[in-house]
Amino acid sequence: MKTAEDTEAWGRQLAGARPAAGEPLAVIYLQGDLGAGKTTFARGFLRGCGVSGAVRSPTYTLAQLYESGSQLLVHLDLYRLRDASELEHLGLSEWARPGCLWLIEWPQRGGTLLPPADLIVALEAGSGGHEARLTAATAAGAAWVSRLPADSFAGPQTPRS
């Protein structure tokens, strides 16, 4: 992906293949260093889900909620988390239910307090643009990947069950 617009477009594309609103909790881990495009991807994803208002990184608030039809979208940015136990005060269990979809930046900082990922989006900034890798970590994630168009921006895909 050469531009931020490409990264957002890929996020929109992945959103278009997401599980239906009544499905079990869906979780995407967004991995990559600072500047790799995680928030840009999340913005495109949320736009692809129908979010039309401002989409900002929840770096300082840790969590930002968006509603799209009957689906609740939870965007977490755990970069500023000092200890995983800080997550207990966010009330995450309230959002760990069918009809919710989580996008989690810096998931490694949440330790075992986070639900496992269905999809892992790994982004890396390079000299010619951003590299991206999509990994399905569950059967639900593999089904999600299978709904993507063959010409998606996804780059290398590594389905796992």
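The values are calculated or read from the model by the stated rules, or taken from the named source; none is laboratory data. Since the structure is predicted, the reported quantities are computational estimates derived from the model, not experimental observations. Methodologically, a virtual Cβ is constructed for each residue, glycine included, from the backbone with ideal geometry; neighbour enumeration extends over all protein chains shown.
A single member of Arg133, Arg47, Arg43 is surrounded by fewer than 22 Cβ atoms within 10 Å (Cβ to Cβ), part of a helix (DSSP H, G or I), of a type outside the set (A, V, I, L, M) and in contact with an Asp or Glu (Cβ under 9 Å, 6 or more places away or on another chain), and it is Arg47. Considering the conditions (1) exposed (fewer than 15 other Cβ atoms within 10 Å of the Cβ); (2) of a type outside the set (Phe, Trp, Tyr); (3) over 13 Å from Lys38 (Cα atoms), Ala142 is excluded by exactly one of them, (1). Kindly establish whether Glu86 is at pLDDT below 90 and surrounded by 15 or more Cβ atoms within 10 Å (Cβ to Cβ). When the stated conditions are applied, Glu86 passes them. Considering Leu65, Leu72, Leu123, the condition of being part of a strand (DSSP E or B) and closer than 13 Å to Tyr29 by Cα is satisfied by Leu123 alone. Picking from residues in region 60-83 that are free of Cβ contacts under 8 Å to residues at least 24 places away in the same chain and aromatic (Phe, Trp, Tyr), the one that is surrounded by the most Cβ atoms within 10 Å (Cβ to Cβ) is Tyr66. Inclusion of Asp6 among residues that are out of contact with any His (no Cβ under 8 Å at 6 or more places or on another chain) and either modelled with pLDDT under 85 or charged (D, E, K, R) (or both) is not warranted.
In the set (1) more than 15 Å from the chain's Cα centre (by Cα); (2) modelled with pLDDT of 90 or more; (3) of a type outside the set (Ser, Thr, Tyr), the condition left unmet by Trp106 is number (1).
The single residue among Glu88, Glu94 that is over 27 Å from Ala143 (Cα atoms), more than 16 Å from the chain's Cα centre (by Cα) and assigned to a helix (DSSP H, G or I) turns out to be Glu88.
Each row is one residue, and each column tells you yes or no for (1) at pLDDT below 90; (2) surrounded by fewer than 19 Cβ atoms within 10 Å (Cβ to Cβ); (3) among the acidic types (Asp, Glu).
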{"position": "Met1", "(1), (2), (3)": "yes, no, no"}
{"position": "Ala15", "(1), (2), (3)": "no, no, no"}
{"position": "Arg18", "(1), (2), (3)": "no, no, no"}
{"position": "Glu23", "(1), (2), (3)": "yes, yes, yes"}
{"position": "Tyr29", "(1), (2), (3)": "no, no, no"}
{"position": "Gly35", "(1), (2), (3)": "yes, yes, no"}
{"position": "Ser57", "(1), (2), (3)": "yes, yes, no"}
